[in-house]
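Trainee: Dumping the structure here so I can ask a few things about it.
The values are calculated or read from the model by the stated rules, or taken from the named source; none is laboratory data. Computed from a predicted structure; not experimentally measured. Every residue, glycine among them, receives a Cβ derived from its backbone with ideal geometry; neighbour counts consider all protein chains shown.
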Amino acid sequence: MVSMQTKLVKISTVDAVVNHIKARIASGHLPPDAKLPSERELQVQLGVSRFTLREGLARLQALGLLRIEHGRGAFVRPDVSRRSLEDVLSPMFSHRNPQHLTDLMQARALIEGEVAAQAAAGRSEADLVCLEAHLAEGCRCLDDPSAFGKHDFDFHQALARIADNAFYRLFLEAIAAPVGEFLADHALSAQNRQAAADSHQAIVEAIRRRAPDQARDLTRRHIGACHANYQKGQSGPLSKEAL
């Protein structure tokens, strides 16, 4: 008898909401132009908080799967097909492959640097409040690797929403699975978590001062340092991230 060992990847509650609604669309239970149940109904059905539900709906809207109309609710976009849905959300590759991980980090640095620059140029006061909340959450969960890995992912997703560029959001959603896996592993080190929290603080400060060039540079250096620390953590002492 052949023994099979499969490591299941933990997903966040927001990811579970996204996957559930995606599956409902793919199965035809939510056809094009269909209106989703109200937020209150969905909260009860899925057993999630209002914040978690709205985060999930925002991701689905960023992917182009839903349109959200203020005062009316969320609707499945008319041009969604099962094939395009699966293509967009299927993981691009596993971060376990060293070359794929390098490619992933290079792509993240390129795109997310521009995301941070655009966020710095166009942010609102409400955006700053949102980012401060993310920083506070990061400080609260510094001693919890699992929670910090999720926070790290959510912080970068928040930057993409503030940048308000549909392609940036779509790109980040398309690589959400491998990035989430990487950040979960990266957060296992207490030193990595502190370095990431410090970088997030510096990035938000650049955004606060409306300094796009600095926000871009800090974000790219942050992602590069995360990659370097992760690689060194596989074989020896971790490096200290430079800001």
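Trainee: If I ask for residues that are assigned to a loop (DSSP other than H, G, I, E, B) and aromatic (Phe, Trp, Tyr), which ones from region 135-194 would you list?
Mentor: none
Trainee: Can you tell me which residue among Leu159, Leu142 is over 22 Å from Pro98 (Cα atoms), crowded, with 20+ Cβ neighbours inside 10 Å and either among the small types (Gly, Ala, Ser) or modelled with pLDDT of 85 or more (or both)?
Mentor: Going through Leu159, Leu142 in turn, just one is over 22 Å from Pro98 (Cα atoms), crowded, with 20+ Cβ neighbours inside 10 Å and either among the small types (Gly, Ala, Ser) or modelled with pLDDT of 85 or more (or both): Leu159.
Trainee: Going residue by residue through region 109-118, is there one that turns out to be surrounded by 20 or more Cβ atoms within 10 Å (Cβ to Cβ), over 17 Å from the mean Cα position of the chain (by Cα) and farther than 9 Å from Ile162 by Cα?
Mentor: Yes: region 109-118 contains one or more residues that are surrounded by 20 or more Cβ atoms within 10 Å (Cβ to Cβ), over 17 Å from the mean Cα position of the chain (by Cα) and farther than 9 Å from Ile162 by Cα.
Trainee: Only residues that are touching a residue at least 12 places away in the same chain (Cβ under 8 Å), in a helix (DSSP H, G or I) and either out of contact with any His (no Cβ under 8 Å at 6 or more places or on another chain) or of a type in the set (A, V, I, L, M) (or both): list them for region 116-134, please.
Mentor: Ala116, Ala117, Gln118, Ala119, Ala120, Ala121, Gly122, Asp127, Leu128, Cys130, Leu131, Glu132
Trainee: What's the number of the condition Ile203 fails, among (1) at pLDDT 95 or above; (2) among the aliphatic types (A, V, I, L, M); (3) touching a His at 6+ places or on another chain (Cβ under 6 Å)?
Mentor: (3)
Trainee: Also, I was wondering about something else. Within region 79-115, work out how many residues are in a helix (DSSP H, G or I), of a type in the set (Lys, Arg) and modelled with pLDDT under 85.
Mentor: Counting residues in region 79-115 that are in a helix (DSSP H, G or I), of a type in the set (Lys, Arg) and modelled with pLDDT under 85 gives 2.
Trainee: A further question on this structure: Tell me the residue from Glu114, Glu125, Glu181 that is outside the structural domain of Leu63 (by TED's automatic domain parsing) and within 22 Å of Ala16 (Cβ to Cβ), please.
Mentor: Glu181
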